[in-house]
Every structure is written in structure tokens, then in C-alpha cells.
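> My structure is below; once you've seen it, I'll send some questions.
The values are calculated or read from the model by the stated rules, or taken from the named source; none is laboratory data. The model shown is predicted, which means the values in this text are computed figures rather than measured ones. Every residue, glycine among them, receives a Cβ derived from its backbone with ideal geometry; neighbour counts consider all protein chains shown.
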Amino acid sequence: MNHSPIALLAARCWRFVFQRLDLPLFLIVCLLAGIGMMSVYSATYDHNNRLFSQMGNMAFGFAVMWIVAQIPPQKLLRFAVPLYLFGLILLLCVWIFGIKVKGATRWLDIGIARVQPSELMKIAAPLMLAWFFHHFQERLSARHFLIAFILLAIPFLMIARQPDLGTAILVGAAGFYVIFFAGLSWRALFGMIALVAASMPLVWTYLLKDFQRRRLLTLLDPTSDPLNSGFHIIQSTIAVGSGGMHGKGWLAGTQTHLEFIPEKHTDFIFAVFSEEWGLVGNSVLLIVYFLLIGRCLMIAAETPSFFGRILAASIALTFFTCVFVNMGMVTGILPVVGIPLPFMSYGGTALLVFFCALGILMSIRTHPGRLHN
Amino acid sequence: MRTYHASDSLSSSFRDFHGDDKGPRFRFRLIVTVVLVLAAFGVLFARFFWLQILRHDYYSTRAEDNRITLVPIVPSRGTIADRNGIVLARNYSAFTLEIDPERAGNIDETIDELAELIEITDQDRRRFKKLQGEAKNFESLQLRSRLRDEEVAIIAVNRYRLPGVEIRARLFREYPLGSLAVHALGYIGREREADRAWIEERDPGGEQIGNYRGTRHIGQNGLERHYEFQLHGKAGHEELEVDRFGRAVRRLSIVPPVQGATLTLTLDVRLQEVAERAFADRRGALVAIDPSTGGILALVSMPTYDPNLFVDGIRSEEWDALNNDPDLPMYNRAIQSAYPPGSTFKPFMALAALETGKRTPQQAISDPGYFEFGGNRFRDDKAGGHGSVDMHKSIVQSCDTYYYQLANDMGIDAIANFMRPLGFGQKTGIDLENENEGVLPSPEWKKKRFRKPEQQKWFAGETISIGIGQGYNSYTPLQLALATATIANNGVMFRPHLVRYITDSRTGARTMIEPQPVRALPLKPGNIEVIRRAMVEVNKTGTGARAFAGVPYTVAGKTGTAQVYSLRGSAYSANRVKEHLRDHALYIAFAPAEDPKIALAVLVENGGFGAQSAAPIVRMVLDHYLLGQTASGPAPEDPGAVDSDAPAETGEENAPALELPAEDEASSPVEPVETASP
């Protein structure tokens, strides 16, 4: 062994930094962040370059991930209930004092900045449910699952009525995955799926806003409204399709640089990537995302604690949901909902939430031992 | 500790994770999850494959269509110069202020804002609204033209807050000599629906449609119209990369336009100027032809107008003024208006008599001052008659009785058959639009002209006034000039034309409009000589003697007077009617008589008799053309000229009538107006 002070210091530093990080996960995310920043650069370099701003977001995200990873799951458990309640209070505030932007009331003005409490719920809701199931794991009954659904439904509905379908779907999905992994019976699961399918007409009529209905309709036939809501789908589909096998090359996407792609650096960043890197690039990206999700699920599988397992698996599937819905939206097989592509879409808050989730996963991974109530 | 609720349907049994005993059930769910994730990614991959491989060509094309637009580049219009290279029509570059309605947002607000910066008149606004109505897609529309430099600067500074507002350099047509020769040149105006139809009609192959994609102006009249396709040139195009908002990002390729061809005319603008000046404020027409080529040396129709008014879209008040002017300035009298030729018809009648053998030059009649036919007396204007009149004297003194008799002897068919090859009553084929064919009276013509059977019959009495150029006779000044030139050229007729050659702007190659002999009439030189001698005598001792006193060259000519009977639809005030009831003065001439260099026909509306107002104009033109002498001021009227060729009253015969085109008929300058009427 090398006992030189410098080597010792280096080893200590290494330990300090990486002790609570999962190296495979860390590398995968670094790769995604790199691809993401290249795409953001391509999408914005010729006009209002966002690369450096995104680098700042990334750096901040990595820092938050590192800090969260240092927190043992036992402590995270203790955060669950207050965080959830705090989130609910904020949502209530949005309901009452929120700022309306483009027909949606999603933001709170806290003087120095605007915050979007629904983002917090992406973490708080699954954390709360995981805590709940963990707490009652000894005697889980149908009643507990019902309560869990109610705990999830409250923030879900509050966010959906803002309206913010994308975030509501993510919060709902994250919470639902916790419930699923907590042991929701298959019968109940399929029963619920049947119920949801049956209630679709009611949701269509009463729950969805006009523009949401329009988005769904344009999905079926984008050409029906080529200048308005169909425009996004048509143009992003053209971008992806014209990319071909190898793509047009980095910084050479015409759809991107001639501004045919809407929201190109945020929700539609995948269209930019896809146009410039083609099917080859898409395949690589799918594999990287699969590695991310797979690693998360592996962590879930290897975690002994109930809380850790269901939370880790839920986070994994939430990543998956984002990837699938976003790519499906960009390629025109799913309706346009505001769900970002993890670690690639520009945007501080969304990125922060993803890194937070990663931090939780790493904490779960790197803090051995069982949890007790 | 562990409780197992077998009856619990909602929760499965793997609740306890204190041990790994329930781990496999959780792992099962994870495996299901992995399978689902893989399946979902498979769906995504299938979608990528569909879009990027199977449908790649389609989406590539879509992306290219998105990105590339073809913008036509309008070629610069060819210039027009006279035979000496004096420019009659050219282009100049000026800045225009244009608005792209697609990008401008609220157009009215934009215009209001612009109006605070530079002058925008109500006229500009109205014209813009009109353009908006006619506009094709993705076209920027002109709001102001000919911006001054400081206006360009003001707009440029403020452009950032005026989306859709553009300053463009555009070429404008300019006619530097103003109204001079306007009836030959025509003018260009903004392209309208009717012009598109005209292009399609002229171009059945459809080759020009693409060529006119960016074109906004088109020849509306005269040479500008007749040679539209040659003058227009070939449009080029730019392949531009555009962004989503239609903004050009960069140019991918450019095919430059080919400038329109240059027209070099047979017209002599200096001669034209002299001729127009000679008319002063009199109405009328003059056509001067080079008899050996058919080239038009001067083509006058008075009054004139300024073609520059039309270039940028004519103001409605100016348009109304032109259209409502009772003198009909827009009307090309030289080719569109037909008049009875009066006594200028007599030399042709005499030639017909010689060629058909109805008369010899020496054969004389005794003129009692009238010709009696069917109980009616056709009077000569000289009371008591000219005495013994042979052919020579009949032309020199313009004896009517001689020609009453001659017409009667020849009969209408023989007259018509002789006159037709001389071009009377037929389009000459001049390179101008809307030529009137006039009326060569014949029984067939009458049959076609009238609908009622009793009107369709030709009466022998009607033939008699034909002999002195009255009756149904009705010819354009161009036809009269052409017939004169044909005689001057010993019976060889050339197609009259204004363009001498067309110069290709790229190669510089000239396409000559070669003199095209239409036909060579088999006229006996001796017969032509008889006519020529008589016509020379006209200007020595006859009706033209006063106007041509002291002329150093020999000039053959014939005066004429055409009666004006009816003034249907005219809007003249009472004291002007009198003037407008005056006869039209006519004059045909060619000179030098022995080797004609120029043949011409002049008509002065309501000018009285030919010697009085038409002959002095001819003198001025000939002096300029043959001697290079340019008199200043207009041609003088000769109040002392002897009225020897005015037609006499023609009894109850159908009176020849020039009807001034009624206003409603003449409202469009491009519509041929029928002037003959019963």
C-alpha cells in the first residue's frame, strides 16, 4: 500500500466525494448530461445561447445530488411527511395567490423568484407514499392502499387543475409506482386499469381543458390543424424523419436552426438531437436511458429495506415515464404534454428534481442496513 | 409480527421485507417492469425506424420544402430607342417602401406609425388597400415609391419596431421624352387579371406563366404591349433558405435574370417631335412611312398624354381626367380611328380607272357642276363646274363630278377589288395592338354589316359618293399612308412596322425586322406616272400650291376633306359643337416625287378643308425630313387656302359619317371602336 501523504489525501478526497455516489449511475448521468448540453448548445448557439446557463444548472444539480446522497435514508424518511405537507400548503397557496401565465396558474411569487410547487411534489409525493407504506408495512391492508391513493390524489388533482397535465402525470405516475411496488394486487391493478379506461369519456368531457382535448385530437390527425397545435407535432416529426440513419450532423439540423421546432431547447430537445444524430444516435440514446433505468432498478432489487426498494423502483420508472412520454410526444405517437427529457431538456427546476431523485437513489444504494420505524 | 390477510384482495402477500423471503415477489415485479420498459423502448425504436428509415425520403423532402423557397427575380425591362438611338423608354432604380402583410401584424397600425415618420398620402393608403385585395400570397406590397434618401434613412433607423416593413430597390419605367410618341410607345401599368388572361392567350405553351411570377408591371398599350414578351426578358430565381417565419437566412443558389431585349425603332423621334409640334392643340393623326421598307418614321395621334403617369399606378383623378377628356387623348387615332378619306381617295380611284381600262388619261368629261343619277344631283363644290376635265385636271383641281361618273362607270365591285390589295379596309399588320380595319364598302360588306334585309342591299347610288371618298368609305390614317406609300413605291407594299431590330441583351445579336413585302401590285409604271405627275401638280398649281410655295423638292400630294355629320354621344358644349361639325382635313403626300423617301397621311379633325390645316403640317414634316430644316412653333393654318376639294352635298344619299367614338365606347383605350355607321 502506498502511504505517501499525497496519495493518502487523494484517496481521502476520492472517498469523500464518491463514498455515497453510485459510480455506474454517476457515469451514465454524466454521459446524458454531456449529450444534453451538446443538444442544448446546438439548439441555441445561433441565437440566445443557453449552454452556459445549462452548465450552471448541471453543476448545481450535481451538487444537490451529492448533498442528497450524503443523507441516510433514515433521515430522508423523516423528511417525508413535512415535505409532503409543505408541498400541499404551497399548492394551496398557488390555488389562492398563484400567478397566471398563459392561462395556467402554476407559479408562486416569493419576492426573489417564482417557484413552481408542483415540481416539489414530484419528489414529495412518492417519498410520502414510500414512508406511508414503510410505516405500515407490518399490517398493510386494502384500507392502506385506499389511503395511499387518496394521499396521491390530493396533489395530483391540485396540479391537474392548474392546469399542468405533464407534472400531474409525473406526480401521479411516481406515486402510483410506489403503490405498485408496495404490493398492490394484480387484480386491483387490472381492475383500476379497466376503471380508468371506462371513465375516459367522463374525463374527456369534464376534466380536460379545451386545449388539452385539442392536443389529443391533433395527435390523431396533426394535419387537421397544421398552423396551430398540429404544427409542433408535424415539425418535430419532420425533424426526426429527415434525420435518417446518420442524422444531418451536429449543428446542421435545418429544422432546428431555422426555428421550425418549437420549444427546441426544452421539451422538444429530442427532436434536435434526433435530427442531427439520426437513428444511430437515437439508438445510442435509448440504450443509455435503458442503462439508467436498469441501474436504478438494480439498486431497487438489491436494497434490503422496504422504503428503499419501493422508492428506488418508483424513481426508475418515473425516469422511464419521462423518456417514453417525451420521445413519444416528439415523434408524434403521444399527445403534447409538458414533460421534459431527463438530463437533456434545458431548465433548472426540472433538472434539479431529476438530480434530487438521483441523490435519493444513491443514498439508498450507499447506506447499507435496514430501516426500522 | 407478520400478519397475513388471506382475504385481502387489495394487497398481495409480500408485505414484509425484513427478510428476503418475500424478495422474489418484488423481483418478479421488477422483471415485469423491465419487460415493459423494453417493450416501450421497442415501440419507440420502431417509431424511429419508421420515421427515419422507411419514411426518411418523405420527411427529407418536407424538411427541404420547409427550408427552401424559390424567389423569382424580375428581369430588367428592355429599353426602347428611336432609329438614331435616342432613348424613349428606360428604367431607373428607386427605393420603395413595402409591407409584408404576413409579418406585419396589424397593418393599419403599421401604416399609421409609418405616416408619423414619412409622408404617406391617402392616395398611397388607398392604393395599398387595392393591392392587398389583389395580392398573391407571400408578397410584399408597395406602400410608397421613390423614397428620398432621408426617408430611407428614417425608415431604416426605425425598422426594428416595424415588423414586415421593408425597403427595396426596384426598377421603374421611365419615358424621358414624356408624351412624345406615346401612341407608338404605349406604357406599362400594373398587371391585372385581364393581363394574365392576355398572357395565356398569347402563350398557349404556358412558358411565360412562370416567367411572370414576380412581375408586377406589364405593357398596356402600343409597343410596350405588342413586344411585351421580348421587352420583359427572362426571369431568374433565387433559392433562399428561410426560417419558420419566412425570413431569408441565406442564399443557396441564384439564376440571374436575363434583361429584356432592346427595341430599336424605325421611328425618328426628331421628326415625330416636329410633327407633334406642327399639330399644336389640334386633334388628329399623322403617319409617315418609309415607302421602301414600310418602316414608320412618325406616328402621331393628337392629343397625347404622359405615359409616366401609369408607371407607378395612375392616380384615380388623373385616370378620370384622361378618360373623360372629350378630346380622347388615350385614343390612338392613327390606327384605331377610321375616317372617310375624302378627296385623298381620288388618286387611287384614278389609278383604278387606268388599271381597269375604264379611263385613259386623256379621256375628258364635261363638268356641269353636278352628276345626275336616278333623279338626284350629286353636286361638285365648284358651282358651274370645272369645264372640260381629264384625269390630270381631276386630281389637280379635285373635281368631284369626274369621280361621281367614274365610280358609276366602274361599279362598286371593281372599286372594292382594286382598293383591297392597296390595304384599304384591312388591318395592315403593324406591330401595334388594337388596329382598326376600317371599312372598304362593297355589297358583301353591307350584307354583313346590316341585319335588316332592306338595308343589306347595295344601291347603285351608293357607289357614286364612294368615288370621292365619302359614303361608307372609312379608313385609318395608317391605311391611307400605307396605300400612299405603296403607290410611291411603284406598287410594292411593305408591312408597316415600328421596330427596326431587336437586340438581345445577352448576346447583343440583332434580330432585324426585315422589310417584309406584303405584295407587289402589278401596276403599270405608266399609269403610276400619270398619278404621280398629277399629284406633283397639286402642290404646284392645284389645291396644295399655297402650302408648298417655294418648296425645293418635288412633292406629290392630294388634299382631302371629310364631312362630319353626326356626333352621337358627344359631350361637347354648345359653342364647341360648331367647331366639331367642321369637316376633317386630310392630306396624303410623298416626296421627293421621283424617288420617294417618305410617304405620309395627315388628318386634322375638324380642321376644315385639307389645304387649310393639313397641308402646312405636311410641309413642316417634309421640310424637316428632307431638308433638315426645323421650323419653330406649330404649322400655320392657311385661311386663304382655296376650298376646292370639299365634297358637295350628296342629295338624299346615305351620308358618309364619321362618328366620333362615343364616350362609353372609348372609355377603355384598348378597345377598338367602330366608327363606321349607316
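> Scan A:L152, A:L127, A:L157, A:L120 and give me the residue that is assigned to a helix (DSSP H, G or I), more than 12 Å from every other protein chain (Cβ to nearest Cβ), loosely packed, with under 15 Cβ neighbours inside 10 Å and not basic (K, R).
Exactly one of A:L152, A:L127, A:L157, A:L120 is assigned to a helix (DSSP H, G or I), more than 12 Å from every other protein chain (Cβ to nearest Cβ), loosely packed, with under 15 Cβ neighbours inside 10 Å and not basic (K, R), namely A:L157.
> If we only count helices (runs of 4 or more DSSP H) wholly inside the stretch B:200-241, which ones have 2 or more residues that are closer than 28 Å to B:A181 by Cα?
B:222-226, B:228-232
> Additional query: Of everything in the stretch A:236-262 that's modelled with pLDDT under 90 and part of a helix (DSSP H, G or I), which residue is surrounded by the fewest Cβ atoms within 10 Å (Cβ to Cβ)?
A:T254
> Pick out the one residue from B:S316, B:S343 that is within 27 Å of B:A611 (Cα to Cα), modelled with pLDDT under 95 and among the polar types (S, T, N, Q).
Going through B:S316, B:S343 in turn, just one is within 27 Å of B:A611 (Cα to Cα), modelled with pLDDT under 95 and among the polar types (S, T, N, Q): B:S343.
> Hey, among A:L8, A:L23, which residue is modelled with pLDDT under 95 and either loosely packed, with under 12 Cβ neighbours inside 10 Å or of a type outside the set (A, V, I, L, M) (or both)?
A:L23
> Please tell me if A:F290 is in contact with a helix residue (DSSP H, G or I) (Cβ under 7 Å, 6 or more places away or on another chain), free of Cβ contacts under 8 Å to residues at least 40 places away in the same chain and within 9 Å of chain B (Cβ to nearest Cβ).
It is true that A:F290 is in contact with a helix residue (DSSP H, G or I) (Cβ under 7 Å, 6 or more places away or on another chain), free of Cβ contacts under 8 Å to residues at least 40 places away in the same chain and within 9 Å of chain B (Cβ to nearest Cβ).
> In the stretch B:243-267, what residues are surrounded by fewer than 18 Cβ atoms within 10 Å (Cβ to Cβ) and assigned to a loop (DSSP other than H, G, I, E, B)?
Passing the criteria: B:D243, B:R244, B:F245, B:G246, B:R247, B:P256.
> Take the residues in the stretch B:120-136 that are free of Cβ contacts under 8 Å to residues at least 12 places away in the same chain and not in a helix (DSSP H, G or I), then tell me which one is farthest from the chain's Cα centre (by Cα).
Out of the qualifying residues, it is B:T121.
> For a quick check of your reading: which strands (runs of 3 or more DSSP E) sit entirely within the stretch B:341-381 and have at least 3 residues that are not small (G, A, S)?
Output list reads B:370-373, B:376-379.
> Looking at the structure I just gave you, is B:L240 farther than 29 Å from B:L147 by Cα, within 14 Å of another protein chain (Cβ to nearest Cβ) and surrounded by fewer than 20 Cβ atoms within 10 Å (Cβ to Cβ)?
no
> Looking at (1) more than 24 Å from the chain's Cα centre (by Cα); (2) within 12 Å of chain B (Cβ to nearest Cβ), which one does A:L220 not meet, given that it meets all the others?
Evaluating A:L220 over (1) more than 24 Å from the chain's Cα centre (by Cα); (2) within 12 Å of chain B (Cβ to nearest Cβ) leaves (2) as the failure.
> Determine which member of the set A:R295, A:R365 is more than 10 Å from chain B (Cβ to nearest Cβ), basic (K, R), crowded, with 24+ Cβ neighbours inside 10 Å and more than 23 Å from A:S118 (Cα to Cα).
Going through A:R295, A:R365 in turn, the sole match is A:R365.
> Now, a different point. Just wondering, is there one or more residues in the stretch A:315-331 that are in a loop (DSSP other than H, G, I, E, B) and more than 14 Å from every other protein chain (Cβ to nearest Cβ)?
Scanning the stretch A:315-331, I find no residue that is in a loop (DSSP other than H, G, I, E, B) and more than 14 Å from every other protein chain (Cβ to nearest Cβ), so the answer is no.
> Can we say B:R270 is within 23 Å of B:A599 (Cβ to Cβ), in a loop (DSSP other than H, G, I, E, B) and among the charged types (D, E, K, R)?
Judged against the criteria, B:R270 is not a match.
> Report the residue count in the stretch A:241-283 for those that are facing chain B (nearest Cβ under 10 Å) and on the phi > 0 side of the Ramachandran plot.
Count: 4.
To keep it simple, each residue is scored yes or no on (1) among the basic types (K, R); (2) more than 10 Å from every other protein chain (Cβ to nearest Cβ); (3) within 30 Å of B:V182 (Cβ to Cβ).
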position	(1), (2), (3)
B:V34	no, no, no
B:V43	no, no, no
B:A46	no, no, no
B:L51	no, no, no
B:L54	no, no, no
B:T61	no, no, no
B:E64	no, no, no
B:V71	no, yes, no
B:T79	no, yes, yes
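> Just checking, does the stretch A:167-176 include any residue being aromatic (F, W, Y), under 29 Å from A:L83 (Cβ atoms) and out of contact with any strand residue (DSSP E or B) (no Cβ under 8 Å at 6 or more places or on another chain)?
yes
> Cβ-Cβ below 7 Å, separation at least six or inter-chain, first residue in the stretch B:93-111 and not assigned by TED's automatic domain parsing to the domain that holds B:L162, second crowded, with 17+ Cβ neighbours inside 10 Å and modelled with pLDDT under 80: which pairs?
No pair meets every condition.
> Also, I was wondering about something else. Taking B:I296 as meeting all but one of (1) part of a helix (DSSP H, G or I); (2) surrounded by 22 or more Cβ atoms within 10 Å (Cβ to Cβ); (3) aliphatic (A, V, I, L, M), write down the number of the exception.
Result: B:I296 fails condition (1) only.
> Can you tell me how many residues in the stretch B:212-230 are of a type outside the set (V, I, T), surrounded by fewer than 20 Cβ atoms within 10 Å (Cβ to Cβ) and in contact with a helix residue (DSSP H, G or I) (Cβ under 8 Å, 6 or more places away or on another chain)?
Going through the stretch B:212-230 one residue at a time, the tally reaches 1.
> Next up: Looking for something free of Cβ contacts under 8 Å to residues at least 12 places away in the same chain and closer than 18 Å to B:L38 by Cα - is there at least one such residue anywhere in the stretch A:315-327?
yes
> Taking the stretch A:304-338, which residues are of a type outside the set (G, A, S) and on the phi > 0 side of the Ramachandran plot?
If the condition is that a residue be of a type outside the set (G, A, S) and on the phi > 0 side of the Ramachandran plot, then no residue fits.
> Consider the stretch B:273-293. How many of its residues are among the aliphatic types (A, V, I, L, M), assigned to a loop (DSSP other than H, G, I, E, B) and under 24 Å from B:P592 (Cβ atoms)?
0
> Condition first: farther than 17 Å from A:L146 by Cβ, among the hydroxyl-bearing types (S, T, Y) and within 13 Å of another protein chain (Cβ to nearest Cβ). Now tell me which residues in the stretch A:173-214 satisfy that.
Within the stretch A:173-214, just A:Y177 meets the criteria.
> Kindly indicate whether any position in the stretch B:374-394 is modelled with pLDDT under 90, over 24 Å from B:Y587 (Cα atoms) and touching a Phe, Trp or Tyr at 6+ places or on another chain (Cβ under 9 Å).
Within the stretch B:374-394, one or more residues are modelled with pLDDT under 90, over 24 Å from B:Y587 (Cα atoms) and touching a Phe, Trp or Tyr at 6+ places or on another chain (Cβ under 9 Å).
Conditions tested, residue by residue: (1) in contact with a Gly (Cβ under 7 Å, 6 or more places away or on another chain); (2) surrounded by 14 or more Cβ atoms within 10 Å (Cβ to Cβ).
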site	(1), (2)
B:A156	no, no
B:H183	yes, yes
B:I188	yes, yes
B:D203	no, yes
B:H232	yes, yes
